[in-house]
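Asker: Got a structure for you, written out below as structure tokens; questions coming shortly.
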Amino acid sequence: MKFVFSPPPLPSVPVADSTERFPVHRIYCVGRNYAEHAIEMGWTGREPPFFFAKPADAVLPVEENETGEMPYPPMTSDLHHEIELVVAIGKAGTNIPLHQALDHVWGYAIGLDMTRRDLQTDAKKAGRPWSTAKGFDLSAPISRIYPASMVGHIAQGRIHLDVNGEQRQASDVGKLTWSVAEIVAYLSKYFTLRPGDLIFTGTPEGVGPVRRGDILEGGIEGLGSLRVSIT
């Protein structure tokens, strides 16, 4: 096959305790999936899950014990952090039954859904898409991926984020409004999930702004840590 120009490198994420990498196909994100975060964003109740997307090359892979560097994006003065459990899909499926959903999960990671909050607020007011607020370059910092065969399926455990050593977000993955299995099953009604898909499962309360020079350090119990510098 001949291309009109050389294709860009395939986005990928390191795998824990391995030299192999996880190729990224698509990035799906779940909105308002912790009750307290929904409240702080002006919503209440258990609404059906909804989704938005980031491009695959929005990933910023960060190795364990390293600090990723994320440039402060243009066209915003209100960049926010959102720490999240990330689900890595390893088996294709559509209309996946709930009781089979976890069979499609290859592994788990820690992610940051970085958000240009001012652009998102303007888009909400105008009833417009969130793409400029959510899908910008390197807007998805992510730790190495831990295979489910190594860590099991993550149903509970502390999730937290500190900024410059001060705690901003702290909750438990067990407080997800929609569980990992429910998210996978529901999302597969709308899209055929493919190996390489990543699902950012939502953030707990405590989201807030960051500035150039800030150090973000988050973790999820059983998945190590993720450290990012805003440059």
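Asker: Among the residues of the range 206-224, are any at pLDDT below 95, more than 14 Å from the chain's Cα centre (by Cα) and of a type in the set (D, E)?
Answerer: Checked the range 206-224: no residue is at pLDDT below 95, more than 14 Å from the chain's Cα centre (by Cα) and of a type in the set (D, E).
Asker: Yes or no: V86 under 11 Å from the mean Cα position of the chain (by Cα) and in contact (Cβ under 8 Å) with a residue 40 or more places away in the chain?
Answerer: Values: under 11 Å from the mean Cα position of the chain (by Cα): yes; in contact (Cβ under 8 Å) with a residue 40 or more places away in the chain: yes.
When the stated conditions are applied, V86 passes them.
Asker: May I pose another question? If I filter the range 10-26 for residues that are part of a loop (DSSP other than H, G, I, E, B) and of a type in the set (D, E), do I get at least one hit?
Answerer: yes
Asker: If a residue has to be hydroxyl-bearing (S, T, Y) and either touching a Leu at 6+ places or on another chain (Cβ under 8 Å) or modelled with pLDDT under 95 (or both) to count, how many in the range 3-55 make the cut? Lay out the reasoning, then the answer.
Answerer: Restricting attention to the range 3-55, the residues satisfying the condition of being hydroxyl-bearing (S, T, Y) are 6, 12, 18-19, 28, 34, 44.
Still in the running and either touching a Leu at 6+ places or on another chain (Cβ under 8 Å) or modelled with pLDDT under 95 (or both): 28, 34, 44.
Going through the range 3-55 one residue at a time, the tally reaches 3.
Asker: If you take the residues of the range 45-85 that are surrounded by 19 or more Cβ atoms within 10 Å (Cβ to Cβ) and of a type in the set (D, E, K, R), which of them is farthest from K189 (Cα to Cα)?
Answerer: Checking each candidate, the answer is E82.
Asker: So how many residues does the range 178-200 have that are over 16 Å from the mean Cα position of the chain (by Cα) and either of a type in the set (S, T, Y) or farther than 29 Å from T94 by Cβ (or both)?
Answerer: Residues that pass the stated criteria total 4.
Asker: Same structure, new question: May I ask you to verify whether W130 is among the aromatic types (F, W, Y), touching a residue at least 60 places away in the same chain (Cβ under 8 Å) and closer than 23 Å to R32 by Cα?
Answerer: Yes.
Asker: Of the residues L102, L98, L112, which single one is surrounded by fewer than 16 Cβ atoms within 10 Å (Cβ to Cβ), touching a residue at least 24 places away in the same chain (Cβ under 8 Å) and either under 13 Å from the mean Cα position of the chain (by Cα) or farther than 25 Å from D57 by Cβ (or both)? If you could, list the steps in order and put the result at the bottom.
Answerer: Numbers: L102 fails: surrounded by fewer than 16 Cβ atoms within 10 Å (Cβ to Cβ); L112 fails: surrounded by fewer than 16 Cβ atoms within 10 Å (Cβ to Cβ).
Being surrounded by fewer than 16 Cβ atoms within 10 Å (Cβ to Cβ), touching a residue at least 24 places away in the same chain (Cβ under 8 Å) and either under 13 Å from the mean Cα position of the chain (by Cα) or farther than 25 Å from D57 by Cβ (or both) holds for just one of L102, L98, L112, which is L98.
Let's see how each residue does on (1) over 13 Å from L60 (Cα atoms); (2) surrounded by fewer than 18 Cβ atoms within 10 Å (Cβ to Cβ); (3) among the aliphatic types (A, V, I, L, M):
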residue: D118; (1), (2), (3): yes, yes, no
residue: T121; (1), (2), (3): yes, yes, no
residue: K125; (1), (2), (3): yes, yes, no
residue: R128; (1), (2), (3): yes, yes, no
residue: S131; (1), (2), (3): yes, yes, no
residue: K134; (1), (2), (3): yes, no, no
residue: R144; (1), (2), (3): no, no, no
residue: A148; (1), (2), (3): yes, no, yes
residue: G152; (1), (2), (3): yes, yes, no
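Asker: With respect to T192, is the statement that it is surrounded by fewer than 21 Cβ atoms within 10 Å (Cβ to Cβ) and within 25 Å of P55 (Cα to Cα) true?
Answerer: Yes; evaluated as a whole, the condition is true for this residue.
Asker: Regarding the range 174-182, can at least one residue be identified that is on the phi > 0 side of the Ramachandran plot and surrounded by 20 or more Cβ atoms within 10 Å (Cβ to Cβ)? It would help to see each step written out before you state the result.
Answerer: To start, the set of residues in the range 174-182 that are on the phi > 0 side of the Ramachandran plot comprises none.
No, the range 174-182 contains no residue that is on the phi > 0 side of the Ramachandran plot and surrounded by 20 or more Cβ atoms within 10 Å (Cβ to Cβ).
The values are calculated or read from the model by the stated rules, or taken from the named source; none is laboratory data. Note that the structure is a prediction, hence the values are computed from the model and not measured. Don't worry about glycine lacking a Cβ; one is built from the backbone with ideal geometry, like all the others, and counts go over all protein chains shown.
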